[in-house]
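I have placed the structure first, in the form of C-alpha cells, so that the comments after it can refer back to it.
The values are calculated or read from the model by the stated rules, or taken from the named source; none is laboratory data. What you see is a predicted model; the values in this text were computed from it and never measured. Neighbour counts are summed over all protein chains in view; Cβ atoms, including those assigned to glycine, are modelled from backbone coordinates with ideal geometry. These accessible areas exclude ligands, DNA and RNA; they are computed on the full protein's heavy atoms, side chains included. Shrake-Rupley method; radii C 1.70, N 1.55, O 1.52, S 1.80 Å.
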Amino acid sequence: MNMFRALEISLTGLTAERLRMDLIANNLANVNTTRTRQGGPFRRKLAVFASRSQGAFGYFLKRAGLGDSLVGGVQVVGIVDDPTPPKLRYDPGHPDADQRGYVALPNVDVVSEMVDLISASRSYEANVTAANAAKYMAMTALEIGRG
Amino acid sequence: MDLRVGSPGETLFNQMPGRTSSAGAPGESFSQILKRGLAEATELLREADTMTGKLALGQVDDLAQVMIATEKAQLAMELTLQVRNKLLEAYQEIMRIQV
C-alpha cells in the first residue's frame, strides 16, 4: 500500500468540500438576485460528488502497475441547478415584476444554506484530521526499527 | 497478495509514490535502486518547493494542495533518513566481522 495514498485521498476530499463551500457562498451572496444573464432569477447551485474508484478497470490498471493513485477519493462531476421553482413575491413596483406584479426570487433558503455551510466545514475538518492521522501512522511506522 | 522476497531497502523504496508494485528489473543493483528512491524523494521535495514558492507569490488557489505536498516531502525525507540509518548500521555490522 502506498503510504502517500491516504494523503492524496484526503486531498481530494478537501478540494471537493472547498468547492462546495464556494457554491454555498455564491448561493448566499445571490439570495436576492432577480436578474441573471440567462434571464430569470438566480437559481441555487448544487455540486454533484462521485467517488473515484474505477471498479474492475481500476483493478486491472493497478495490476499493470499504472494508475495506482487514481483509485479512491472523491471528484466533482458537475454543478447543477436546483430544480425547485423560484419563490414569488407580490411587488408590482419592482423593476423585475412580471405582468401580474409578482417578482421571482431565487429558490435559496438561507437557513438550509447555513446548515450546508456547517456540514461542509465539518467535512473539511474531518478530512484534515484523516490526513493528519495518516501522516502520524506513517511517521510512527518509520520508528519501528529505532532502538 | 503475493509474497515477494527482496532486500529491505528494495521493498522500502517500493513504497515511494508513483512506484509500481513490481520489484524492479532483475539484475538491477542495489545502488541503482537506492538512486531511484533518492530521485523520487528529491522530486517530491522539488514539487513541494515549487508549490510553496507559488503560494508566496499568491499564484496558488488551493492551500490544501501545498500543505499535502509539503507533508509528502517531509515523509519522504524521514523515510530516506531511516533507510540511511539502516544502511549505516548494516555497513558497520559487516565491518565488525573479524577476519
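Let me confirm one metric for peptide B:74-81, namely the mean number of other chain beta-carbon atoms within 10 Å of its residues' beta-carbons.
Mean shielding count: 3.
Percent of accessible area on chain A owned by carbon and sulfur, 1.4 Å probe? Answer for chain A: carbon and sulfur cover 60 percent of the accessible area.
Quarter the surface of the alpha carbon convex hull of chain A and you get the mean projected area, 12.4 square nanometres. Helix A:5-29 and the long axis of chain A differ in direction by around 10°, with both axes built from C-alpha atoms. Each helix, a run of at least 4 DSSP H residues, gives -39500 (n - 2.57); summed and divided by the residues of chain A, these come to -15500 deg cm²/dmol at 222 nm. Between the C-alpha center of segment A:87-101 and that of segment A:105-147 there is a gap of 44 Å. Packing order of peptides A:12-18, A:90-96, highest average first: A:12-18, A:90-96 (average count of other Cβ atoms within 10 Å over each peptide's residues).
Taken one residue at a time, the phi angles of segment B:86-99 give Karplus couplings (6.51, -1.76, 1.60, θ = phi - 60°) of 5, 5, 4, 4, 4, 4, 5, 4, 5, 5, 7, 5, 6, 9 Hz. Gly and Pro are set to x.
Mean per-residue shielding of peptide A:135-143 is 3, counting Cβ atoms of other chains within 10 Å of each Cβ. Look at the stretch B:58-65: the mean tally of other chain Cβ atoms within 10 Å of its residues' Cβ atoms is 3. Accessible surface comparison of B:Y91, A:Y102, probe 1.4 Å, protein chains only, largest first: the order is B:Y91, A:Y102. Annotation: per residue accessible area for chain A equals 61 Å², rounded to a whole number [probe 1.4 Å, protein chains only]. Pop out the ³J(HN,Hα) list for segment A:119-131 in order, Karplus 6.51 cos²θ - 1.76 cosθ + 1.60 with θ = phi - 60°, rounded to Hz; leave Gly and Pro as x. My calculation for segment A:119-131 gives 4, 5, 6, 5, 5, 4, 4, 5, 5, 5, 4, 5, 5 Hz in order.
Once the Cβ-Cβ distance of B:R84 and A:V31 is raised to the sixth power relative to R0 = 45 Å, the FRET efficiency obtained is 0.20.
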